[in-house]
Ligand SMILES: [Zn+2]
């Protein structure tokens, strides 16, 4: 499902380069009992600082996240939206926004086509934003992110859960045009 799309480049025919970001453990601290409310959404301190470098380099930022807490009945679409508003507010204060947010609300046993490592959400984003896959990246803290990224043909980087993006940003900037 889509929580946000800021624009589409389809209309002027320019393909955009994207950094696809997993959310929990990459942008905010992962919790074993899920991030169910805005209060439980605690951003990793320097993440805005590092993501801004990608924005300045011309990347669009798209969040792709599994949120089975909704399917499990532990939280709601509405709460998730409020959580993302909190995230966007923090990023706005740093001079940028996440351009798109896509999430899977299903449980693993639902066998849907959007829960990572399935690529349904990425396919939607690639179509809706008109993404240049070869120049795009997937960053995640889970093997499912890397698998999905490889399936769609992006470059992928797996990070430690809840760690700084410092080295990741350097790697992307050093390997991008
Ligand atoms: Zn799903």
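Please pick out the residue among 98, 62 that is in a loop (DSSP other than H, G, I, E, B), away from the ligand (no atom under 16 Å from the Cβ) and in contact (Cβ under 8 Å) with a residue 60 or more places away in the chain.
So the residue among 98, 62 that is in a loop (DSSP other than H, G, I, E, B), away from the ligand (no atom under 16 Å from the Cβ) and in contact (Cβ under 8 Å) with a residue 60 or more places away in the chain is 98.
For residues that are within 16 Å of the ligand (Cβ to nearest atom) and either out of contact with any strand residue (DSSP E or B) (no Cβ under 7 Å at 6 or more places or on another chain) or not in a strand (DSSP E or B) (or both), scanning just region 1-23, find the one that is nearest to residue 133 (Cα to Cα).
Among residues in region 1-23 that are within 16 Å of the ligand (Cβ to nearest atom) and either out of contact with any strand residue (DSSP E or B) (no Cβ under 7 Å at 6 or more places or on another chain) or not in a strand (DSSP E or B) (or both), the one nearest to residue 133 (Cα to Cα) is 22.
Report yes if residue 122 is touching a helix residue (DSSP H, G or I) at 6+ places or on another chain (Cβ under 7 Å), at pLDDT 95 or above and surrounded by 15 or more Cβ atoms within 10 Å (Cβ to Cβ), otherwise no.
For residue 122, the condition - touching a helix residue (DSSP H, G or I) at 6+ places or on another chain (Cβ under 7 Å), at pLDDT 95 or above and surrounded by 15 or more Cβ atoms within 10 Å (Cβ to Cβ) - is met.
Taking the options 167, 145, name whichever one is under 13 Å from the mean Cα position of the chain (by Cα), farther than 18 Å from residue 2 by Cβ and outside any strand (DSSP E or B).
Testing whether each residue is under 13 Å from the mean Cα position of the chain (by Cα), farther than 18 Å from residue 2 by Cβ and outside any strand (DSSP E or B) leaves just 145.
Only one of (1) within 16 Å of the ligand (Cβ to nearest atom); (2) more than 13 Å from the chain's Cα centre (by Cα); (3) without any contact (Cβ under 8 Å) to a residue 60 or more places away in the chain is not met by residue 121, so which one is it?
So residue 121 meets the others, but not (2).
When you scan region 126-142, do you find a residue that is within 16 Å of the ligand (Cβ to nearest atom) and more than 23 Å from residue 46 (Cβ to Cβ), even just one?
no
Within region 146-160, can one find any residue that is exposed (fewer than 14 other Cβ atoms within 10 Å of the Cβ) and in contact (Cβ under 8 Å) with a residue 24 or more places away in the chain?
No, region 146-160 has no match at all.
What's the number of the only condition in (1) under 19 Å from residue 149 (Cβ atoms); (2) within 16 Å of the ligand (Cβ to nearest atom); (3) surrounded by fewer than 22 Cβ atoms within 10 Å (Cβ to Cβ); (4) touching a residue at least 24 places away in the same chain (Cβ under 8 Å) that residue 106 fails to meet?
The failed condition is (1).
The values are calculated or read from the model by the stated rules, or taken from the named source; none is laboratory data. Values in this document were obtained by computation on a predicted structure and should not be read as measured data. Please note: Cβ atoms are built from the backbone with ideal geometry, for glycine as well, and neighbour counts cover all protein chains shown.
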